[in-house]
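Enquirer: If you scroll down you'll find the structure; I have some questions about it.
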Amino acid sequence: MPSKNHYIYDSNRCEFVPVKYDIKKKLINSLSFWLINGLVLAIFGLAVLTNFIGTPAEIALKDENRILVEHLRNTETTLIELEKQLEGIAELDNEMYRTIVGLDPMSEDLRMAGTGGANIYSDFDYLNRETSEILRTTATKLDRLERRIGIQRLSFDEIKGHYNTNQKRLRNIPAIKPVNSIILDGFGLRVHPVLGYKRQHDGVDFRAEINSEVFATGDGTVINASRQGTYGNLLEIDHGFGIVTRYAHLNRFAEDIKPGTKIKRGDLVAFTGNTGLSNGPHLHYEVLVDGTPVDPINYMIADITPEEYLMFKEMNENQDSVFSNSLSD
């Protein structure tokens with residue numbers, strides 16, 4: 001077994017002599033050695049963790065950033081849904097509200113509220129690419145949504161102002177449903193249930209048992225209350241401003257209803273039936289503007305919600321798959 005003694009040269013004796021340590025000094029030297037080596041290893045390990053994993057503060061910050069990015073993505077999805085809802089309101093505003101009060105539709109370019117010029121989101125450029133793109137997209141959508149909401153508010157203010165100055169016209173507009181019932185068939189090209197081929201359906205059909213009450217949808221004057229071919233018993237009311245409503249397949253007219261009778265919106269004018277070319281009791285209802293039939297749904301602003309309006313419009317667009325069992329001409 002090799003000796004573990006250390007030697008030192010003794011010049012007086014001209015020879016190597018073993019070094020003698022006391023136990024205390026030997027213990028201090030050993031502890032110092034391991035302490036220094038341990039400290040070096042700890043520093044090395046900390047450097048490795050810092051370079052490849054990160055400090056505890058950095059790890060917490062990365063986790064926080066990940067959560068924030070997820071929230072931003074959810075916000076972006078929510079903004080997309082809000083934009084879709086706003087588009088539906090804008091469509092309803094153009095096709096229904098503005099048309100009813102006699103205002104021209106607002107152009108798509110104006111509603112989109114486009115902007116241009118300098119890069120107003122340059123503050124995001126110093127972030128990493130993913131975060132920068134998410135923040136830029138979210139900020140862009142928020143700004144556009146805010147501008148479009150502002151424009152929509154202006155449109156509603158314009159409608160309100162026009163209403164205040166045209167109240168007589170609006171009292172005459174056929175703005176309610178003629179019967180307290182649901183719509184069975186919409187406006188447009190349909191397969192006729194009796195004739196069996198496609199033809200234009202110039203109104204909407206309401207479900208109604210015989211002798212259900214029929215009400216005037218706007219102020220006006222009765223111009224016809226008689227039997228009219230395939231319409232059966234037909235009532236026509238002139239509301240002025242080029243607007244006429246028709247109520248067909250009636251069983252009978254209300255008392256004192258005859259040409260020349262003045263009518264107020266909500267007055268009882270007739271009772272539903274099954275007269276004329278029809279395969280079941282119901283009410284066929286039309287709105288004509290300057291002699292041309294238009295979709296009555298666009299005028300029922302007092303009785304249908306925006307959601308119902310969009311639903312009926314979608315139904316009318318699906319011409320071959322919806323309402324194939326129409327009840328009227």
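Enquirer: I'd like the residue in the stretch 192-217 that is under 17 Å from residue 236 (Cα atoms) and small (Gly, Ala, Ser) and, out of all such residues, is modelled with the highest pLDDT.
Expert: It comes out as 216.
Enquirer: So, one more: Name the residues in the stretch 284-294 that are crowded, with 19+ Cβ neighbours inside 10 Å and in contact with an Asp or Glu (Cβ under 7 Å, 6 or more places away or on another chain), would you?
Expert: Hits for the stretch 284-294 are 284, 286.
Enquirer: State yes or no: is residue 148 modelled with pLDDT of 80 or more, surrounded by 18 or more Cβ atoms within 10 Å (Cβ to Cβ) and in a helix (DSSP H, G or I)?
Expert: It is true that residue 148 is modelled with pLDDT of 80 or more, surrounded by 18 or more Cβ atoms within 10 Å (Cβ to Cβ) and in a helix (DSSP H, G or I).
Enquirer: When you scan the stretch 289-303, do you find a residue that is more than 30 Å from residue 85 (Cβ to Cβ) and in a strand (DSSP E or B), even just one?
Expert: Yes, there is a match, as at least one residue in the stretch 289-303 is more than 30 Å from residue 85 (Cβ to Cβ) and in a strand (DSSP E or B).
Enquirer: Could you pull out the residue among 245, 261, 272, 305 that is modelled with pLDDT under 95 and either β-branched (Val, Ile, Thr) or assigned by TED's automatic domain parsing to the domain that holds residue 92 (or both)?
Expert: When all the criteria are applied, what remains is 305.
Enquirer: Among the residues of the stretch 238-276, how many are buried (at least 20 other Cβ atoms within 10 Å of the Cβ) and small (Gly, Ala, Ser)?
Expert: Number of matching residues: 3.
Enquirer: Does any residue in the stretch 181-194 that is closer than 14 Å to residue 278 by Cα come within less than 6 Å, Cβ to Cβ, of a residue that is at pLDDT 80 or above six or more places away or on a different chain, and which pairs are these?
Expert: Filtered contacts from the stretch 181-194: 184/205; 184/207; 185/205; 193/279; 194/277; 194/279.
Per-residue answers, yes or no, for (1) loosely packed, with under 12 Cβ neighbours inside 10 Å; (2) at pLDDT 75 or above:
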residue	(1), (2)
91	no, yes
99	no, no
102	no, no
106	no, yes
128	yes, no
131	no, no
137	no, yes
142	no, yes
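The values are calculated or read from the model by the stated rules, or taken from the named source; none is laboratory data. If you're wondering where the values come from, they're calculated on a predicted model, not measured in any experiment. No Cβ is skipped: glycine too gets one built from the backbone with ideal geometry, and neighbour counts run over all protein chains shown.
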